[in-house]
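What follows is one structure encoded as structure tokens, with my remarks underneath.
The values are calculated or read from the model by the stated rules, or taken from the named source; none is laboratory data. All of these numbers come straight from a predicted model, not from anything done at the bench. Every residue, glycine among them, receives a Cβ derived from its backbone with ideal geometry; neighbour counts consider all protein chains shown. When the accessible area is computed, the model is the full protein with side chains, heavy atoms only, and any ligands, DNA or RNA have been set aside. Shrake-Rupley method; radii C 1.70, N 1.55, O 1.52, S 1.80 Å.
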Amino acid sequence: MEYKDNPIFPARFMWGASSASWQVEGAVNEDGRTPSVIDLNTKTKEGYADNSVTADHYHHYREDVELMKKAGFTSYRFSIAWSRIYPDDSGVPNQLGIAFYNNLINSLVKSGIEPIVTLYHYDMPVWVDEKYGGWYDRGIIDAFDQYVRTCFKEYGDRVKYWLSINEQNMQICYGKWLGVCKNEDTWEEDQWKVNNIMNVCHAKAVIACHELVPGGQIGPVPGYVPIYPETCKPADQIAAQNAEEMTEKVWTDFYAHQEYNGFIKAYWREHNINPDIRPEDLDAFAKAKIDFFALNCYRSNTAREAKPDEKAEDYLLNKSGKKGELSFPVVPGMYALTKNSYVETTDWDWEIDPIAMRYMLRYVWDHYQLPMMITENGLGAHEDVSEDGKVHDPERIKFLRDQIFQVGRAIQDGCEVIGYNPWSFTDLLSTGNGMSKRYGLVFINTTDKDVRDLRRIPKDSYYWYSNLIKSNGQDWGVQADGKI
Ligand code: BGP
């Protein structure tokens, strides 16, 4: 539907931005923190900085919160590093690690900023990985439960919004790339066992949050890439649905309905897969009622029919940051992703598609009728300081404006959206592309090769976003094409 007026955002809408511990903190060996698997993973990415310094938020958090406050933030989404809280398997929490997040949370609360905390964002402690073989062994369920219960007890008096596991769907779908997969030969079956164990961890976190945090709310964080059919050929529509099932809906249905959906059960039957679901898992799922969906959405995809005899192809991600390097996956008999000629792309070939944001919010709302918050959305770009000492990022302003406007349109369409926290507050280490791919509203003066002085320089987008959020989504600023 077209509307005559600009959107109105609800009172108490949570306007902020987002980060994750290993991508922003640095200080990897300080105050008792031990290595996490992702520390080792970042060291294997040639040409990119690892996460030992990144934005050095660990030492700059006061300054960073001050900048959030000046911008008028009412929320900040960040994650806790498990290996700061439990650096080893002694079962004794690390008081210095606990203190860091206490200080950060206190600074936020004092500044009127609602903390939104992710419990797990890719950074499994190495000791957990060594002891349990990552997510493969059910022993991790109790270790995770111990960790999340400590977080709820320590911070639950001030943190009311909790997120369980970041992008579990991506960790399974791209398990080889994100380091979750330990054996490529058996991953076809293993991924569903691993996924079930992650689901038990998610469910137990939901149960513990409701038990331990007065007024606490908790939700999952699927990585969401809406998928369009390439054409109106009926088989392309089914291919798009297949892709949506296998990359998103299997997870969102599970979180909302607390059981596996018929599609994935049929897939397991068809492929002789035993995901090793135990009766006690079903008990935990039945008790784990989520309060909202946190959604990460950057882009859309397009799918076409893939015949059973087509050659399987993996995703080839863009590493160079020069357009045209990405190639799409083919899953024979299910779907193939293709280029969408209707949308522009970033330098890393990610589709720029604000309408996908509105589509996703409507889709999730229609299916589940649960409140939603955006916990990631943003533009990765090459950027540096200009001669005038400032950082000009007009593309990011345009990206954010168009995306937020579509969040507003979804609200006008009747969706319940409670917050918007784009990726990212400061520049930080990109999962795929190091420091060279910048997402921040605030520039961090460092590069992949050279840790400069780590100075914080608010970009033009910071000031634009600040005006928008201080007007609760009314002051859109000037736009070249005259729209909005
Ligand atoms: C999401 C992750 C984030 C972040 C983002 C951007 O999937 O939750 O941690 O990295 O993607 O991805 P990238 O950094 O690869 O551009």
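Listed values, structure above:
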quantity	calculated
Residue in the range 395-404 that is under 20 Å from Leu67 (Cα atoms) and either part of a loop (DSSP other than H, G, I, E, B) or of a type in the set (S, T, N, Q) (or both) present	no
Answer from Ser424, Ser471 - the residue that is among the hydroxyl-bearing types (Ser, Thr, Tyr), closer than 30 Å to Arg12 by Cβ and open to solvent by 20 Å² or more (accessible area, probe 1.4 Å)	Ser471
Any helices (runs of 4 or more DSSP H) falling wholly within the range 1-95 and containing at least 1 residues that are surrounded by fewer than 21 Cβ atoms within 10 Å (Cβ to Cβ)	37-43, 57-71
Some residue of the range 188-195 being open to solvent by 10 Å² or more (accessible area, probe 1.4 Å), within 16 Å of the ligand (Cβ to nearest atom), touching a Gly at 6+ places or on another chain (Cβ under 8 Å) and closer than 19 Å to Pro220 by Cα	no
Answer from Thr150, Thr118 - the residue that is polar (S, T, N, Q) and within 16 Å of the ligand (Cβ to nearest atom)	Thr118
Selected residue (criterion: surrounded by the fewest Cβ atoms within 10 Å (Cβ to Cβ)) from residues of the range 378-412 that are farther than 22 Å from Phe13 by Cα, aliphatic (A, V, I, L, M) and away from the ligand (no atom under 16 Å from the Cβ)	Val385
Residue list for the range 208-253, restricted to those being closer than 14 Å to Asp291 by Cβ and among the β-branched types (Val, Ile, Thr)	Val213, Ile218, Val221
Selected residue [more than 19 Å from Glu188 (Cα to Cα) and either in contact with a strand residue (DSSP E or B) (Cβ under 8 Å, 6 or more places away or on another chain) or of a type in the set (Val, Ile, Thr) (or both)] from Phe285, Phe254, Phe293	Phe293
Unmet requirement for Val159, which otherwise passes all of (1) touching a residue at least 12 places away in the same chain (Cβ under 8 Å); (2) not in a loop (DSSP other than H, G, I, E, B)	(2)
Residues located in the range 307-321, provided they are basic (Lys, Arg) and modelled with pLDDT under 90	Lys319
Residue within the range 442-451 that is more than 16 Å from the ligand (Cβ to nearest atom), on the phi > 0 side of the Ramachandran plot and touching a Pro at 6+ places or on another chain (Cβ under 8 Å) present	no
Every residue from the range 103-123 that is in a loop (DSSP other than H, G, I, E, B), over 21 Å from Ile374 (Cα atoms) and open to solvent by 10 Å² or more (accessible area, probe 1.4 Å)	Ser111
In the range 333-344, residue farthest from the ligand (Cβ to nearest atom) [restricted to those that are open to solvent by 30 Å² or more (accessible area, probe 1.4 Å) and within 24 Å of the chain's Cα centre (by Cα)]	Lys339
Subset tally (residues that are surrounded by fewer than 17 Cβ atoms within 10 Å (Cβ to Cβ), more than 16 Å from the ligand (Cβ to nearest atom), over 18 Å from Leu178 (Cα atoms) and within 24 Å of the chain's Cα centre (by Cα)) for the range 296-326	0
Residues within the range 345-357 that are open to solvent by 50 Å² or more (accessible area, probe 1.4 Å) and more than 16 Å from the ligand (Cβ to nearest atom), tallied	1
Residue match in the range 260-282 (condition: open to solvent by less than 10 Å² (accessible area, probe 1.4 Å) and modelled with pLDDT under 95)	no
Hey, Thr375 among the polar types (S, T, N, Q), open to solvent by less than 30 Å² (accessible area, probe 1.4 Å) and part of a loop (DSSP other than H, G, I, E, B) or not	no
First in the range 189-215 and at positive phi, second anywhere and modelled with pLDDT of 95 or more and surrounded by fewer than 20 Cβ atoms within 10 Å (Cβ to Cβ), Cβ under 6 Å, 6 or more apart	Gly215/Lys160
Selection count where residues are among the aliphatic types (A, V, I, L, M) and touching a Phe, Trp or Tyr at 6+ places or on another chain (Cβ under 7 Å), scope the range 304-334	1
Some residue of the range 123-142 being within 16 Å of the ligand (Cβ to nearest atom), in contact with a helix residue (DSSP H, G or I) (Cβ under 9 Å, 6 or more places away or on another chain) and in contact (Cβ under 8 Å) with a residue 12 or more places away in the chain	yes
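Condition check ((1) assigned to a loop (DSSP other than H, G, I, E, B); (2) among the aliphatic types (A, V, I, L, M)) across all residues:
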residue: Cys415; (1), (2): yes, no
residue: Ile418; (1), (2): no, yes
residue: Gly440; (1), (2): yes, no
residue: Phe443; (1), (2): no, no
residue: Val451; (1), (2): yes, yes
residue: Ser461; (1), (2): no, no
residue: Gly473; (1), (2): yes, no
